[in-house]
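Values in this text are rule-based calculations from the coordinates and carry no lab data. Quick caveat: nothing in here was measured; it's all calculated off a predicted structure.
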Amino acid sequence: MESLQTHCRLDRLEKQLSVFRLLCIAQCVVILVGACTLWSSHTVQASTSNQVLHAKGLVIEDAQGRASWIVGAPFPVTKDRLRQDTPTNSMIFLDEHGHDRLTLGEETPAQIAGKVSPDFHRIAPGVGIMIHDVLGNERGGMAWLANGRATISLDRPNLDAIGAYVDDKTGFAGMVVEYPADAANDVNAIEIGTKGKQAFFRMKDTHDEVKASAALEDGIPRLSGLEPRAQTGSH
């Protein structure tokens, strides 16, 4: 009887040992596969140069299948974008209604008051960042223009508002603030900047005439229209 019990115990131990061996083999296989995977991915990142996606255009869609941003050289035409003007080499982010909201790259023609005029022409081609309001109208940006000017601008709904410029050709560096459209048509109200040896501040009326100014040139200050007026009283 005791011999039979011993035999049963040995049989159970042999079965447990077999299971343990199988588990060890499985663990070794998992470790080996993991090590090979890590080594392979490291090799691709470090030395492989052909794992690059080549494409002329890309459309990224949202959860509803609508184009959310488009990029290409030029960017691809999609029915989800409300504007259907000539594409440029840029990336455009769209809202859920198809309005342009952000443009990175070559500038597109400006949309003003919901329209892109066929007669609209920028002073020079540019590359930069353009921001648009909820209706897709251009409201500002930062760009480098082909005529040698770096710009930062903020726009009103239908007209320029504030602009900062560095112009390599004229040497001007400064800022302008324009009157709103109901006060004057494309007229600077304030101009401030430097050019050559001169630093200046000018205020203009709605007829584009300088009414007050302050300048410093070669260390000599000059004021115009800013002098305090002598007060007169009745005697």
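Rounded to whole numbers, the Karplus 3J(HN,Hα) couplings from phi for the stretch 112-119 are 10, 6, x, 10, 10, 6, x, 8 Hz, using 6.51 cos²θ - 1.76 cosθ + 1.60 with θ = phi - 60°, and x at Gly and Pro. The stretch 63-81 and the stretch 109-132 have Cα centres spaced 19 Å apart.
Structure note, pairs Lys56/Lys115; Lys115/Lys204; Lys79/Lys115: Cα-Cα distances above 19 angstrom occur for Lys56/Lys115; Lys115/Lys204. Cross-link reach is defined here as a Cα-Cα straight distance under 14 Å, omitting same-chain residues fewer than 8 places apart; for Lys211 the aspartates and glutamates meeting it are Glu191, Glu227.
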